[in-house]
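All remarks here apply to the structure that follows.
The values are calculated or read from the model by the stated rules, or taken from the named source; none is laboratory data. Note that the coordinates shown come from a computational prediction; the quantities given were computed from them, not determined experimentally. Methodologically, a virtual Cβ is constructed for each residue, glycine included, from the backbone with ideal geometry; neighbour enumeration extends over all protein chains shown. Only protein heavy atoms, including side chains, enter the accessible area calculation; ligands, DNA and RNA are left aside. Shrake-Rupley method; radii C 1.70, N 1.55, O 1.52, S 1.80 Å.
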Amino acid sequence: MKPLPPTQRPNWRYIAAEMVPQWCPASARDMHYAILACEASLLGDSMSAFMRTSVVSCDGGVIIVRCIRGTERDVETALATVTEAGGVRVALHPFATSGTIHGIRKKFRPCSLPSDEGNCKIGENTYRILRISGQKVDLVQQGIKQTTALYVNTDDLEDF
Amino acid sequence: MKTADACIYPYPIGDVSLRRVADELELRGFTGAIAVGIPAGCTIGHVRFLSGAEITANSVKSCRDALRDTSKADVVMVHAGDAVFNRAILGNISFHILRGIQHTDKRAFDHVSARMATDRGVAVDIDLSCIISSSGLRRQRSLERYREISRLSRKYGFMLTLSSGARSLTGLRSVRAFTLLGEVAGLDESQVSDALSAPAALMSPHKSVEVLE
């Protein structure tokens, strides 16, 4: 099939958003469904269909969302209402918008992935230490039913 | 404090330590916040924290009793009730922020309460967690109430505050998200910027001129 000429293709915009926490195991598919559900809930099915939002990539704690040009503001509003993806609590913080994926990748902030650094005990609970870039430390307790997290700094870890 | 989140719950109420909250708030563009459950106000990095106390009461008497225990807090927040209760506390009790207006009925905060809030320098809080985490009928009701409050604020000039009500890292939002969600709640741009700077304004209220003889 002959591809559409550039003038007839839709004008896409790409929005990069930071996932919090970075170690969130949600896949691109989970994110896509979560974002669509939030859009439909906040702005309605009609507006949601008009925006044609989809998740292009989801890795390294950053997702790239594609939408029709002119709807970036609505997409960002919908992204602010995302609280859960794939059964995991997550927040999305948009930080860059561009007309091409190449352009948006230039705006990525370099961030290191969390590294596993053993365990620590607070009270009666034992947490797994996930060290994020800088002073940030996420403590994760894997339970049978749910994952409990405690977000601290290296200074707090010394206090505990 | 040009931009402040009007209510957050750090550790031990929530699951984020105050230092980590400070890091995150700075990253998201905030310069201050009202933290419930911290013993005293402090500054960490470039973020100034005010200690907040929340009061949930059914009567003016119980509210006044609870107020005695919160003497160390910088900011006192009282949860709204019905119209009679709201008028009574606005007229008789000295506090800073009226919270939980979205849980009350339509007539709980009317033009009389609005005028009293303006005279007493009390701000009304718009809790964005109700827009973020709820959906369906509950969110619609909250938005309806917030639009009514923003209309009254434009007319009578009482202060508004915007809060995330975050108990976790995933509950915190950026200044940009506050602006966008504030617009969903019926606030215009100037109202959003005023609401973000309102916690600082509450600390230094404009008092009417007193004539001393």
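A few points about this structure:
- The listed residue being farther than 22 Å from B:Ala22 by Cβ, within 14 Å of chain B (Cβ to nearest Cβ) and open to solvent by 40 Å² or more (accessible area, probe 1.4 Å), out of A:Gln135, A:Gln141: A:Gln141
- Candidate set from segment A:65-104 (those that are open to solvent by 60 Å² or more (accessible area, probe 1.4 Å) and either over 25 Å from B:Leu169 (Cα atoms) or in contact with a helix residue (DSSP H, G or I) (Cβ under 6 Å, 6 or more places away or on another chain) (or both)); member that is farthest from the other protein chains (Cβ to nearest Cβ): A:His102
- Matching residues, segment B:164-195, being away from every other protein chain (no Cβ under 14 Å) and within 15 Å of B:Val75 (Cβ to Cβ): B:Ala195
- The set of residues from segment B:89-116 being part of a loop (DSSP other than H, G, I, E, B) and without any contact (Cβ under 8 Å) to a residue 60 or more places away in the chain comprises B:Ile93, B:Ser94, B:Phe95, B:Gly100, B:Thr104, B:Asp105, B:Phe109, B:Asp110.
- Set B:Arg107, B:Arg151: member being away from chain A (no Cβ under 14 Å), open to solvent by 10 Å² or more (accessible area, probe 1.4 Å), basic (Lys, Arg) and touching a helix residue (DSSP H, G or I) at 6+ places or on another chain (Cβ under 6 Å): B:Arg107
- Meets criteria (charged (D, E, K, R), assigned to a helix (DSSP H, G or I) and either in contact with a Leu (Cβ under 7 Å, 6 or more places away or on another chain) or open to solvent by 20 Å² or more (accessible area, probe 1.4 Å) (or both)) for B:Glu213: no
- The number of residues in segment B:26-85 that are over 19 Å from B:Ala4 (Cα atoms) and among the hydrophobic types (A, V, I, L, M, F, W, C) comes to 10.
- Summed over segment B:74-103, the residues that are closer than 18 Å to B:Ala40 by Cβ and surrounded by fewer than 23 Cβ atoms within 10 Å (Cβ to Cβ) give a count of 2.
- Residue satisfying all of: in segment B:117-148; basic (Lys, Arg) and open to solvent by 30 Å² or more (accessible area, probe 1.4 Å); nearest to the other protein chains (Cβ to nearest Cβ) among these: B:Arg138
- Answer residue from segment B:163-191, given it is of a type in the set (S, T, N, Q) and part of a helix (DSSP H, G or I) and is nearest to A:Leu139 (Cα to Cα) among those: B:Thr170
- The residues in segment B:117-140 that are assigned to a strand (DSSP E or B) and under 17 Å from B:Leu181 (Cα atoms) can be counted, and the count is 4.
- Per-region count, segment B:1-13, residues away from chain A (no Cβ under 12 Å) and either aromatic (Phe, Trp, Tyr) or in contact with a helix residue (DSSP H, G or I) (Cβ under 8 Å, 6 or more places away or on another chain) (or both): 8
- Failed item, numbered, when A:Lys107 is tested on (1) basic (Lys, Arg); (2) within 21 Å of A:Gly70 (Cβ to Cβ); (3) at pLDDT below 80: (3)
- Among the candidates B:Arg20, B:Arg48, residue that is closer than 19 Å to B:Val175 by Cβ, of a type in the set (D, E, K, R), modelled with pLDDT of 90 or more and touching a Gly at 6+ places or on another chain (Cβ under 7 Å): B:Arg48
- Residue within segment A:30-42 that is part of a loop (DSSP other than H, G, I, E, B), away from chain B (no Cβ under 14 Å) and under 14 Å from the mean Cα position of the chain (by Cα) present: no
- Long-range neighbours under 7 Å by Cβ, at least six apart or interchain, first residue within 10 Å of chain A (Cβ to nearest Cβ) and in contact (Cβ under 8 Å) with a residue 24 or more places away in the chain within segment B:14-32, second open to solvent by 40 Å² or more (accessible area, probe 1.4 Å) and of a type in the set (A, V, I, L, M, F, W, C): B:Leu18/B:Ile44; B:Arg19/B:Ile44; B:Ala22/B:Ile44
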